[in-house]
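Remarks on the structure that follows.
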Amino acid sequence: MKLRLSLVFLLAGLAAAAPSKPNIVLIYADDLGYGDVSCNGATAVITPNVDRLAKEGLNFNSGYSASSTCTPSRYSMLTGEYAFRRKGTGILPGDAKLIIQPGRATLPSVLKSAGYRTGVVGKWHLGLGAGNLDWNREIRPNPNDIGFDHSFIMAATGDRVPCVYVKNGHVVNLDPADPIEVNYKTPFPGEADGIRDRATLKMDWNLGHNAAVINRVGRIGYMKGGKKALWNDETMCDTFADEAVSFIERSKDGPFFLYFATHSIHVPRIPNPRFVGKTGMGPRGDAILEFDWQVGRVLDALDRLGLAENTMVILASDNGPVLDDGYKDGAVEKLGSHKPAGPFRGGKYSTYEGGSRLPFLVRWPARVKPGGSTGAIVSQVDLPATLARVAGTEFPKAEAPDSQDLLPALLGEQPKGRESVILHAIDVAVRAGDWKLIPPSAGRKPKVRKGVYQLYDLSKDPGETTNLAASHPEKVAELSKLLPEVAR
């Protein structure tokens, strides 16, 4: 009898000592460049909370997004499939239908099936509904239909209508007596217009952002109604941070997965007054500070709730930096010596390194040694397979053809990650080891390629300044075989 009781207590003790599944928090910035954070060399703006992640975790200097623009990056990261493989995954308007088919495996759905409570807060930009969207009724499908238990989002971007939050498929604070109408082609008579009413704007535009005027800011597309539901640009970061912290608090008994997709530092850059003028770089620099503050809110919540030790925090950005993106906010004029892409060439929309080589940090105190850096090549398209393994399950390979399990690299246990990675903009490029190949551009006519091959040795030329294609034809031929069919 004593032996049997001893065995029971031993098994109970082992069960108690067994590590529980870690919580996973994915903090996803918008348009944040590799060089926009001080742990990667920035001095004109200091990011103490991002730096804290680097100090307490692992900093990747070869971490890539799956595209150099927002919608395809997010699509690839949540599905494990490069967006260029599927039509309709380019930059979406604010009234686009959902481009991730309900029923297919996604990062949140696989984690949910593994016992995780899943939530998304912030920028969505993957479409909503099934077409001909009525914003005044329940919106289906929505993020909850592809694996999220909870969603509090903006439909697209801050510079696109409708300028409202959507919570679990319903517009927040919508007044039925003031229904929302959205049109991306035809203006609504009597509504403010960015061209006609330009003198009233608090932030002027220089390209495209001249349709609807919401909160005295010109937007893309036209909107009518929903006055009580409109967001406040100055408090957007507070709203999203509050929602992220609230989800963590409600899910603290875990395990949980939070996809916190900030709108910072995308245009229009209208930070809260408490951040205005703090960097000397104008709204863009101040927005970086505000993003860092959001990171701090999440880290502080994890500390306060005693969750930090067994929570895997990943910080990344959807694509590279952009300065002038349609508003006159002084981003170019006030840049000074700051280098948003760090040592890399290009930025948002580009196949050069600056377009998709971004901040990529991983902190998990229970597993990741602090203060390290690594040159392992990792891509956000690998998160579905990798995080599924973290959760103790597998992602269906047939539905995530491009996602690789890189957990040893993400934990700093393996110095190598991918053998090669595809970089996507309008066209695609490939990096394998230290070598990078950019094929002649096809532009928007895939059968017509113009220009020359560009080949760079990134170990000696991270800024991609010296084209070695002519002197290394064998390397061009070798890397060409790694390009997807769309680039051949």
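The values are calculated or read from the model by the stated rules, or taken from the named source; none is laboratory data. Keep in mind that this is a model prediction, so the values were computed, not measured. Neighbour counts are summed over all protein chains in view; Cβ atoms, including those assigned to glycine, are modelled from backbone coordinates with ideal geometry.
From the list T279, T311, which one is among the hydroxyl-bearing types (S, T, Y) and closer than 23 Å to I153 by Cβ?
Details: T279 fails: closer than 23 Å to I153 by Cβ.
Among T279, T311, only T311 is among the hydroxyl-bearing types (S, T, Y) and closer than 23 Å to I153 by Cβ.
Criterion applied to S480, S403 was being in contact (Cβ under 8 Å) with a residue 40 or more places away in the chain and in contact with an Asp or Glu (Cβ under 6 Å, 6 or more places away or on another chain), and the one residue passing it is S403. Residues that are assigned to a loop (DSSP other than H, G, I, E, B), of a type in the set (S, T, Y), in contact with a Pro (Cβ under 7 Å, 6 or more places away or on another chain) and at negative phi are absent from the stretch 457-466 altogether.
Please go through the stretch 352-406 and give me each residue that is in a loop (DSSP other than H, G, I, E, B) and over 20 Å from G57 (Cβ atoms), ordered by number.
First, pick out the residues of the stretch 352-406 that are in a loop (DSSP other than H, G, I, E, B): 352, 358-360, 364-371, 375-377, 391-396, 400-406.
Answer for the stretch 352-406, where residues must be in a loop (DSSP other than H, G, I, E, B) and over 20 Å from G57 (Cβ atoms): Y352, G392, T393, E394, F395, P396, A400, P401, D402, S403, Q404.
Within the option set L111, L3, L11, L98, being buried (at least 24 other Cβ atoms within 10 Å of the Cβ), of a type in the set (A, V, I, L, M) and either at pLDDT below 95 or under 24 Å from K397 (Cα atoms) (or both) holds for one residue only, L111.
Between A429, A425, the distinction of being under 20 Å from P462 (Cβ atoms), among the small types (G, A, S) and touching a strand residue (DSSP E or B) at 6+ places or on another chain (Cβ under 7 Å) belongs to A429 only. Selection within the stretch 191-241: residues that are part of a helix (DSSP H, G or I) and among the charged types (D, E, K, R). The member of this set that is farthest from the chain's Cα centre (by Cα) is R198. Within the stretch 129-162, the set of residues being farther than 21 Å from V298 by Cβ, touching a Gly at 6+ places or on another chain (Cβ under 8 Å) and part of a loop (DSSP other than H, G, I, E, B) comprises W135, E138, I139, R140, P141, N142, A155, A156, T157, D159, V161, P162.
Give me the residue from the stretch 403-419 that is within 18 Å of I314 (Cβ to Cβ) and of a type in the set (D, E, K, R) and, out of that set, farthest from the chain's Cα centre (by Cα). Explain how you work it out, then say what you get.
Taking the stretch 403-419 as the starting set, the residues that turn out to be within 18 Å of I314 (Cβ to Cβ) are 403-414, 417-418.
Subset that is of a type in the set (D, E, K, R): 405, 413, 418.
Details: D405: 19, E413: 25, R418: 20 Å.
Ranking the qualifying residues of the stretch 403-419, first place goes to E413.
Listed conditions (1) closer than 16 Å to A261 by Cα; (2) out of contact with any Asp or Glu (no Cβ under 8 Å at 6 or more places or on another chain) are all met by G158, apart from (2).
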